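I am attaching a structure below and will ask some questions about it afterwards.
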Amino acid sequence: MIATLLAGLVLLSAGDIPVKDGEKIAFLGDSITQGGMGPTGYVTLVIQGLKANGINATAIGAGISGHKSNDMLARLQRDVIDKKPDWMTLSCGVNDVWHGAKGVPLDQYKQNISQIVEKAKAAGIKVMILTATMITENPNEPNNEKLAAYNDFLRELAKEKKCLLGELNGAMQKELDEREKAGGKRGKLLTSDGVHMNPFGNVMMASGVLRGFGLSEAQMAKATDVFLDIPNGVSASVPITLRQYAALESVAAKEGKSVQELIKAAVDRILSERK
């Protein structure tokens, strides 16, 4: 179904990046996007991925924790349109579903999102719609099953409004499957709590946005190299790169351990040898 919907979008030739040097990109969203503005967040990685391919763009952070489609619509003018970006990415849907009775029903969500896209385009802003990421890393969890209809609408709207589409939900499910096959245990493979991204989740999101912008595989490889070698890419308190952490993760999986268990065993061994 996703492939059929994507076929109707305006297709970019491989490597034809529509974002141009000097342009501004507003990232409208919730806490995931707010966190994405951090040193290793997905917003920062998108900008660095573009820079690795010769495009110097500027990010405008417009993510606020807890916000749903109605909140984003209410502040669209102030936080996006008034700042005159060339582009806007829209990440919305997790809280609309996750908040349950205080969330936003699908019919109202459709109206809110449609208005956000229409108002942005009317202001001359080019839009990329991002499918919503997951609520827990289990695709069969009831909230994820409910979220599927919201994402189906986003895909249809991108086709109807001729917007670019960043297929983040599909990318997340695929990445989780691959990590699980490699020995990982779902729960915190891409997230810190089932919803908010860990370093690998931020890479997954940034990659999805960059692919939405039409980066070729060669261009994605350049971006990925930048992602993997960011100093303190895992945590400010653990001064190793994401590439180094990935290597640890691979060793840990072969030993049937988590990275934390592997590191603890190594620390215990070092301390024991020093006695």
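The values are calculated or read from the model by the stated rules, or taken from the named source; none is laboratory data. The structure presented is a predicted model; accordingly, all values stated were derived computationally and were not measured. Because the Cβ atoms are built from the backbone with ideal geometry, glycine has one as well, and the counts that use them run over all protein chains shown. Just the protein is used for accessible areas: all its heavy atoms, side chains included, with ligands, DNA and RNA removed. Shrake-Rupley method; radii C 1.70, N 1.55, O 1.52, S 1.80 Å.
Report, to the nearest whole %, how much of the accessible area of the chain belongs to carbon and sulfur atoms, 1.4 Å probe, protein only.
It is 54 percent, rounded to a whole number.
Could you work out the local net charge near Y150, counting Lys and Arg as +1, Asp and Glu as -1, over the other residues with Cβ closer than 12 Å to its Cβ?
With Lys, Arg at +1 and Asp, Glu at -1, the neighbours total -1.
Let me ask something else about it. In square angstrom, rounded to the nearest 10, how much accessible surface does R75 have for a 1.4 Å probe?
10 Å²
Here is a follow-up. Quote the relative contact order of the chain in percent (integer), defining contacts as alpha-carbon pairs under 8 Å separated by 6+ residues.
20 percent
Under 16 Å Cα to Cα from K83, which aspartates and glutamates show up? Leave out anything in the same chain fewer than 8 places away.
Straight-distance partners of K83: E23.
Okay, moving on. If amide H atoms are built 1.01 Å from N in the plane of the peptide, which residues on other chains or at least 5 residues away come under 5 Å of the amide H of I60?
HN-HN under 5 Å from I60: I25, A26, F27.
Give me the lysines in straight-line cross-link reach of K84: C-alpha distance below 18 Å, same-chain residues under 8 apart excluded.
In chain and number order, the partners are K20, K24, K119, K121, K126.
Now, a different point. With the crude spin-label approximation of a point 7 Å out along Cα→Cβ, what separation in nm comes out for K24 versus K188?
Each label point lies 7 Å from its Cα, and together they span 3.8 nm.
Work through the residues other than I25 whose Cβ is under 10 Å from its Cβ and net out their charges, Lys, Arg +1 and Asp, Glu -1.
0
Measure nothing fancy, just the Cα-based angle from helix 242-254's long axis to the longest principal axis of the chain, in degrees from 0 to 90, nearest 10.
Roughly 60 degrees, rounded to the nearest 10.
Taking Rh as the Kirkwood radius computed over C-alpha pairs, what is the Stokes-Einstein D of the chain at 37 °C in a medium of viscosity 0.692 mPa s, expressed in µm² per second?
170 µm²/s
Report, ordered by chain and residue number, the lysines lying within cross-link reach of K264, taken as a straight Cα distance under 21 Å and ignoring same-chain residues fewer than 8 apart.
Cross-link targets: K185, K188, K254, K275.
Tell me the relative contact order for segment 133-275 as a rounded percent, counting alpha carbon contacts under 8 Å between residues six or more apart.
After rounding, I find 18 percent.
Starting from the Cα gyration tensor of segment 93-241, take the square roots of the eigenvalues, sort them a ≥ b ≥ c, and report rounded, prolate or oblate (rounded when a/c is under 1.5, otherwise prolate if a/b is larger than b/c, else oblate).
oblate
Can you give me the C-alpha center-to-center distance between segment 42-77 and segment 119-188, rounded to a whole angstrom?
Each part reduced to its Cα centre gives a spacing of 16 Å.
Roughly what angle does helix 217-228 make with the longest principal axis of the chain, taking Cα atoms, 0 to 90 degrees, to the nearest 10?
50 degrees
Return the calculated 222 nm mean residue ellipticity for the chain, to the nearest 500 deg cm²/dmol, obtained by summing -39500 (n - 2.57) across DSSP H runs with n ≥ 4 and dividing by the residue count.
-16000 deg cm²/dmol
May I ask which residue of N138, L164, N151 lies farthest towards the positive end of the charge dipole of segment 127-173, with charges of +1 (Lys, Arg) and -1 (Asp, Glu) on Cβ and the Cα centre as origin?
Projecting each Cα onto the dipole axis, the largest value belongs to L164.
Quick check of the Kirkwood formula: for segment 189-275, what is the inverse mean of 1/r over all pairs of different Cα atoms, in Å?
By the Kirkwood definition, the hydrodynamic radius is 14.6 Å.
Specify the angular offset, from 0 to 90 degrees and rounded to the nearest 10, of the alpha carbon long axis of helix 168-181 from the longest principal axis of the alpha carbons in the chain.
Approximately 20 degrees, to the nearest ten.
To continue, here is another question. Cα gyration tensor of segment 26-143, axes a ≥ b ≥ c as square roots of the eigenvalues: rounded (a/c below 1.5), prolate (a/b > b/c) or oblate?
oblate
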